Each structure stands twice: as C-alpha cells, then as structure tokens.
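The block underneath contains the structure these notes are about, expressed in structure tokens.
No lab work stands behind these numbers, since they all come straight from the coordinates. Quick caveat: nothing in here was measured; it's all calculated off a predicted structure. Cβ placement follows ideal geometry from the backbone for every residue including glycine, while neighbour counts extend to all protein chains displayed.
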Amino acid sequence: IDQGTRFYFVHSYFVKTEESALIAASCRHGCEFTAAISRENLFGVQFHPEKSANAGLRLLKNFVDWKV
C-alpha cells in the first residue's frame with residue numbers, strides 16, 4: 001500500500017502510544033497520530049478498512065495473507 005493512501009476515519013479520538021516500535025502507520029489531520037499498531041502477530045487500526053474502498057480491501061487481503 002503506497003504511502004499517502006487514504007483511509008476512512010470517522011472518530012475524533014485516537015490511541016496514543018509512547019512505544020514508537022508499535023507504530024505501523026501514522027496520520028496527520030490537525031495533528032499527527034497513530035493510525036495503526038503492530039507487534040508480532042497483532043495488528044490494529046484506528047480507521048475503517050471495510051469503508052476504505054480498494055485500499056481497505058488491499059489492507060484486509062494483506063492481513064489475511066500475513067505470515068509471521
């Protein structure tokens with residue numbers, strides 16, 4: 001997925017982490033914030049991949065195909 005690809009956010013809150021190693025993606029909208037975190041076989045996003053058109057489908061496919 002290319003850097004700068006747009007995803008659908010609907011909430012005005014976000015997770016803040018002090019562990020930069022967990023940050024898989026960030027976003028800037030008013031301020032920079034964590035958009036996705038990952039560690040080992042865990043991956044979480046703050047946006048809605050199911051409402052993010054082709055980019056969301058690609059993310060979900062990448063997740064299903066993910067080999068740890």
Unit charges at the beta carbon, dipole of the chain: most positive-side option, F43, Y8, F63 | Y8
Longest site-free stretch - the chain; sites: chymotrypsin sites (Phe, Trp or Tyr not before Pro), DSSP loop, at most 12 other Cβ within 10 Å | 14-65
How much mean residue ellipticity at 222 nm does the chain get from its helices, if each DSSP H run of length 4 or more adds -39500 (n - 2.57) and you divide by all residues, to the nearest 500 deg cm²/dmol?
-> -6000 deg cm²/dmol
Counting other Cβ atoms within 10 Å, which GluC sites (Glu not before Pro) in the chain have at most 11 and lie in a DSSP loop?
-> E18, E19, E40
